[in-house]
Amino acid sequence: MEILILGVLLIPFLTSLLLKVAGKYMNELLTNFVTLNASLLSVAVSFFLFGYIFLDKFKPLNFELFEWFPEPQIVFEFYLDGLSGVMMVLISTLSLVIQLFSTSYMSNDEKYTKYFEYFNFFVFSMLLLVLSGNFLVMFFGWELVGLSSYLLISFWSEKKSASKAGNKAFILNRIGDFGFLIGLMMILNYFETFNFLSIFENTLKTRPENLDLMILFLLLGAFGKSAQFPLFSWLPDAMEGPTPASALIHAATMVTAGVFMLVRISPILQFSEIGSITIISLGLLTALISAFAAINQDDIKKVLAYSTISQLGFMFIAIGAGAYVAAIFHLVTHAFFKALLFLGAGAVIHEMHHEQNIYKMGGLRKKMPVTAAMMGIGTLAISGIPPLAGFWSKDEILASVFSRGGIYYGFWALSLLAALMTAFYMGRHWLLIFVKEPSNELDSVNEAPKNMTRPLILLGLFSIFIGFINTPFFHGLEKVLHETLYNVEVTHLPKGITLAVLAFLSIGAGFTGLALAYLIYIFDIFSYFKIKIPFLKQFKKLSKDVLYLNKIGNLIFVKGLKSLSRKVAVSVDGMTIDGFINGVAKSFLKSSRQISFSQTGLVRSYVVYFGLFMLVLIFVFLLSPGVLS
Amino acid sequence: MTDLLLFAIPGLFIILGALIVIFAKNPVHNAMGLVLTLTSLAILYISLNATFVAMVQMLVYAGAVMTLFLFVIMMIGVDKPEQSKEEIKGQKLLISGTLILLVSVVVFIGLENGLNWNLLFPQSQNTFEGTPSLLASAMFTSWVFPFEVISILLIVATTAALALAYEFRKRENND
Amino acid sequence: MSLEKERIMIEVTSDWYLTLSAILFSIGFLGMMIRKNALIMFMCIELMLNAVNLTFITASNHLGLVDGQIAVFFVLVVAAAEVVVGLAIIVSIFKKQESASVDMLSSSKG
């Protein structure tokens, strides 16, 4: 049975390899045939494996491929428990749905086959990441998803902005990976193994002294991959990639790798107070900043990108509060409704002929009713309106934070504010695209083709119903993750009336946000009542420029380093090092010119010099002590 | 007395031949002086118990090498007198300086030791005759690696001489 | 007694051979310095090599070891190789400038 884990990994890998090798000779139809069937097979195997471990009460499966190093023993191994099972099913299902969408979105693209090659390669890398049995294999997957993300972001590399965005994502991820790598080294140094289970068992007995530092370095990796403050600015730029790829990579799966990793290491993480506080505070900061930034973006995809960052912030809040189940729950629901929103945006972009400015849309409700309805579901879901998926998970996060008490009340209040902002910007997003009076003629816009709307409908259904896997009345996901979080102290929901009040408050926040969006952008309440808000323009600009964080970062890290390195290049390199080397060379040239007169070219004078100096040497030899008695 | 004669007569001939080599004007005379020196050396070798080396000296040096020398002399021509005037500036001064230095080294050593050589190692009691079989048994056992190397050198030299001659002929053809 | 003393006086020791060898070497070197003809310089080199050979043979006899005589063979081979190549070079130089004087060959002047 364990060998099937390898099968799950190999299907997308071999598909990618096949497309790489034979891609030149394949047309779109053949590519579709290969990639969709492979995905279907992958989904089937994933569900089969998940069913198997479900029947076995989520007893983990371990599969050792080969031994890599003997001492300290490192095995190339895979590990399948509830957590990786959920991720595996999520990834394979979403990849199938999104590939179905892509066949229509990407058709007539020159690099059609190449897109699916990269796509399958990404699926392989992501599965390697989630199915890894130790930190080193996880690091492999971690780096490979970074690579495939880079390839897909700069997919249209002839566009300069796309290749630049790819570089940015790669470099910012590198900063995180650097931290992750140092964390791994510290782990190996202390535990002398990479295997998850032995590390977790070890931590129960003895805790390393530098546990906090270890956790903080691993956190840096998670923050880079999951686009948290301060390493978040690559994600909005990553929207240069094809929209379906954004949906899978930069919304549903890859960016949640950090969340997955933190839940995976939760048996260690729970002992680090500093780590948890860092996670929750930076997660909250990210959620607020990016929600604020999302309020005034023009680009249809950038709103969703900032929204993704914000939702990832919610997941980090949950982890920081010790609500690991809630984090994974939100990860799952978010994956579905964010994929839905991205694919909907993709459909809109496709029909609008690659126009991405939401102010140039409007009124698309009538032209694209299915897309509008499905994106509406997504918007309601993300805003936390019951009984859609987002409500259950977000409410669980908020309630868990609240139940910790103390300083966490403050965190809860700020999270609630972020939730309100979420509803507001998502409402604005949907209303501006679909409801607002169109500013220009949109005659050529039609409903998206069936291959696009069908995945949307499927994802819409998921967005409605996926929330029921873990409600306060049915703790499904908790049971799935029970084995994974066996020794972990998980924050539980408050009971009874408190929970009801909290739920009511979060629903209220959702509705308030949506209502505010309607009042401001459709009803235009400001001009109706002739209210003048001071500093509105500055406020808008602040939101659009993301609190100038990008510019500040640019000023410090790019311009500062550039001028510093230029100064170093001129003074240190140019004058000192080059000067020294050139000086040596010149002095040799000069002195050799002055000595060269002694080279007469006459053999006989050389002979004489030779003899003279030989005799001198004999004299020296004779006069040295001990030669003549 | 025989020892002394066996050393003194060849020794005198050796020095005489060497002086002819460096002072005679006619190249043929130079070569003949060299032959005189080499032959006398062979006699000395015999008195030093190196009979086989003496034979080889006669055959290879006085025979083959000198024939080659004479061949070249005849080919170049003996009728071109060497310019006796010294052309290199300061050469005479340097030569005399070297000679003075050489003489002073000898005088210095002689005076330091009271005209007595003191060799570092004593005369060995072990005497032997340098027969071909003795030499061969040493040459092909402990000296076999240098022997192989030196044979490679000989082949390289032969090839080099061929290459020089070949290039030479080709140029002639082109003219 | 007196006869035996005389015998000791005129005994030819290794020193004599070594002195002869030194004189031969010096003559050869002097020739290198004063002669301009490349051929004769070659002969001087031969003289010096032979002086070294004499030293080797003397040492072999003095120490009672055969290795000195083996070394002479190697010197002989080197000398032969050098003569072959050297004479070929001299011939080609001579063809070029109709003279065997080494003073004309100063193209390696600095």
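Give the residue, chosen from A:Phe473, A:Phe468, that is in contact with a strand residue (DSSP E or B) (Cβ under 9 Å, 6 or more places away or on another chain), surrounded by fewer than 24 Cβ atoms within 10 Å (Cβ to Cβ) and farther than 19 Å from A:Leu341 by Cα. Show your work before the answer.
Values: A:Phe473 fails: in contact with a strand residue (DSSP E or B) (Cβ under 9 Å, 6 or more places away or on another chain).
Only one candidate qualifies: A:Phe468.
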- Item | Some residue of segment A:21-42 being surrounded by fewer than 21 Cβ atoms within 10 Å (Cβ to Cβ), modelled with pLDDT under 90 and in a strand (DSSP E or B) | no
- For segment C:11-44, name all the residues that are more than 7 Å from chain B (Cβ to nearest Cβ), among the small types (Gly, Ala, Ser) and open to solvent by 30 Å² or more (accessible area, probe 1.4 Å). C:Ala22
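Could you tell me which of the residues A:Leu4, A:Leu83 is open to solvent by less than 30 Å² (accessible area, probe 1.4 Å), out of contact with any strand residue (DSSP E or B) (no Cβ under 8 Å at 6 or more places or on another chain), under 26 Å from A:Ile199 (Cα atoms) and in a helix (DSSP H, G or I)? Show your work before the answer.
Working: A:Leu4 fails: open to solvent by less than 30 Å² (accessible area, probe 1.4 Å).
On inspection, the qualifying residue turns out to be A:Leu83.
From the set of residues in segment C:46-62 that are of a type outside the set (Ser, Thr, Tyr), open to solvent by 10 Å² or more (accessible area, probe 1.4 Å) and out of contact with any Gly (no Cβ under 7 Å at 6 or more places or on another chain), which is farthest from the other protein chains (Cβ to nearest Cβ)? Quick ask: steps written out before the conclusion?
Just the residues of segment C:46-62 that are of a type outside the set (Ser, Thr, Tyr), to begin with: C:46-54, C:56-57, C:59, C:61-62.
Filter once more, keeping what is open to solvent by 10 Å² or more (accessible area, probe 1.4 Å): C:48-49, C:52, C:56, C:59, C:61-62.
Still in the running and out of contact with any Gly (no Cβ under 7 Å at 6 or more places or on another chain): C:49, C:52, C:61-62.
Numbers: C:Leu49: 9, C:Val52: 11, C:Asn61: 5, C:His62: 6 Å.
It comes out as C:Val52.
Criterion first (in contact (Cβ under 8 Å) with a residue 24 or more places away in the chain, open to solvent by 70 Å² or more (accessible area, probe 1.4 Å) and touching a helix residue (DSSP H, G or I) at 6+ places or on another chain (Cβ under 9 Å)) does A:Lys544 satisfy it?
Taking the combined requirement at face value, the residue satisfies it.
Residue-by-condition table, conditions (1) within 30 Å of B:Pro132 (Cβ to Cβ); (2) more than 10 Å from chain A (Cβ to nearest Cβ); (3) at pLDDT below 85:
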position: B:Ala24; (1), (2), (3): no, yes, no
position: B:Ala31; (1), (2), (3): yes, yes, no
position: B:Leu44; (1), (2), (3): yes, yes, no
position: B:Ala54; (1), (2), (3): yes, yes, no
position: B:Met58; (1), (2), (3): yes, yes, no
position: B:Leu70; (1), (2), (3): yes, yes, no
position: B:Ile73; (1), (2), (3): no, yes, no
position: B:Ile100; (1), (2), (3): no, no, no
position: B:Phe108; (1), (2), (3): no, no, yes
- Item | Subset of segment A:269-283 (residues that are in a loop (DSSP other than H, G, I, E, B) and surrounded by fewer than 19 Cβ atoms within 10 Å (Cβ to Cβ)) | A:Gln270, A:Phe271
- What number of residues within segment A:211-265 are under 19 Å from A:Ala287 (Cα atoms), open to solvent by less than 10 Å² (accessible area, probe 1.4 Å) and of a type in the set (Gly, Ala, Ser)? 10
- Item | Unique residue being open to solvent by 40 Å² or more (accessible area, probe 1.4 Å), modelled with pLDDT under 85 and in a helix (DSSP H, G or I) when the list is A:Asn451, A:Asn487 | A:Asn451
- Query: So, of the residues in segment C:63-88 that are open to solvent by less than 20 Å² (accessible area, probe 1.4 Å) and more than 19 Å from B:Leu153 (Cα to Cα), which turns out to be nearest to the other protein chains (Cβ to nearest Cβ)?
  - Reply: C:Gly64
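State all residues of segment A:1-23 that are within 24 Å of A:Glu110 (Cβ to Cβ) and in contact (Cβ under 8 Å) with a residue 24 or more places away in the chain; if no residue qualifies, say none. Even if it seems obvious, please write down each step before you answer.
Of segment A:1-23, the ones within 24 Å of A:Glu110 (Cβ to Cβ) are A:12, A:15-23.
Selection gives A:Pro12, A:Thr15, A:Ser16, A:Leu19, A:Lys20, A:Gly23.
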- Task: From A:Leu147, A:Leu181, A:Leu136, A:Leu197, grab the single residue that is over 13 Å from the mean Cα position of the chain (by Cα) and under 25 Å from A:Pro12 (Cα atoms).
- Result: A:Leu136
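Can you pull out the residues in segment A:399-422 that are among the aliphatic types (A, V, I, L, M), over 23 Å from the mean Cα position of the chain (by Cα) and crowded, with 24+ Cβ neighbours inside 10 Å? Write out each step before concluding.
Kept after step one, since they are among the aliphatic types (A, V, I, L, M), are these residues of segment A:399-422: A:399, A:401, A:407, A:413-414, A:416-421.
Within this subset, residues satisfying the condition of being over 23 Å from the mean Cα position of the chain (by Cα) are A:399, A:401, A:407, A:413-414, A:416-417, A:420.
Those that are among the aliphatic types (A, V, I, L, M), over 23 Å from the mean Cα position of the chain (by Cα) and crowded, with 24+ Cβ neighbours inside 10 Å: A:Ala399, A:Val401.
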- Looking at B:Met66, is it open to solvent by 10 Å² or more (accessible area, probe 1.4 Å) and either assigned to a helix (DSSP H, G or I) or not polar (S, T, N, Q) (or both)? no
- Quick one: A:Phe597 ticks every box in (1) open to solvent by less than 80 Å² (accessible area, probe 1.4 Å); (2) part of a helix (DSSP H, G or I); (3) at pLDDT below 80 bar one, so which box is it? (1)
- Note on the structure: Taking segment A:62-102 and keeping residues among the aromatic types (Phe, Trp, Tyr) and touching a Lys or Arg at 6+ places or on another chain (Cβ under 9 Å) leaves A:Phe101
- Positions within segment A:386-398 being open to solvent by 10 Å² or more (accessible area, probe 1.4 Å) and not charged (D, E, K, R), in sequence order: A:Pro386, A:Pro387, A:Leu388, A:Phe391, A:Trp392
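Do we have A:Leu282 as closer than 20 Å to A:Phe180 by Cβ and modelled with pLDDT of 85 or more here?
Values: closer than 20 Å to A:Phe180 by Cβ: yes; modelled with pLDDT of 85 or more: yes.
Answer is yes for this residue.
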- Scan segment A:568-623 residue by residue and report those that are at the interface with another protein chain (Cβ under 9 Å from one of its Cβ atoms) and among the β-branched types (Val, Ile, Thr). A:Ile595, A:Thr600, A:Val603, A:Val607, A:Val608, A:Val616, A:Ile618
- Would you please name the residue that is least open to solvent (accessible area, probe 1.4 Å), looking only at residues in segment B:132-160 that are among the hydrophobic types (A, V, I, L, M, F, W, C) and not in a helix (DSSP H, G or I)? B:Trp143
- Task: Identify all residues within segment B:76-95 that are of a type outside the set (Gly, Ala, Ser) and either touching a Gly at 6+ places or on another chain (Cβ under 6 Å) or modelled with pLDDT under 70 (or both); write none if there are none.
- Result: B:Val78, B:Asp79, B:Lys80, B:Pro81, B:Glu82, B:Gln83, B:Lys85, B:Glu86, B:Glu87
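The values are calculated or read from the model by the stated rules, or taken from the named source; none is laboratory data. Source: prediction; values computed, not measured. Positions of Cβ are backbone-derived with ideal geometry, glycine not excepted, and every protein chain shown enters the neighbour counts. Quick note on the areas: whole protein, heavy atoms, side chains included, nothing else; ligands and nucleic acids left out. Shrake-Rupley method; radii C 1.70, N 1.55, O 1.52, S 1.80 Å.
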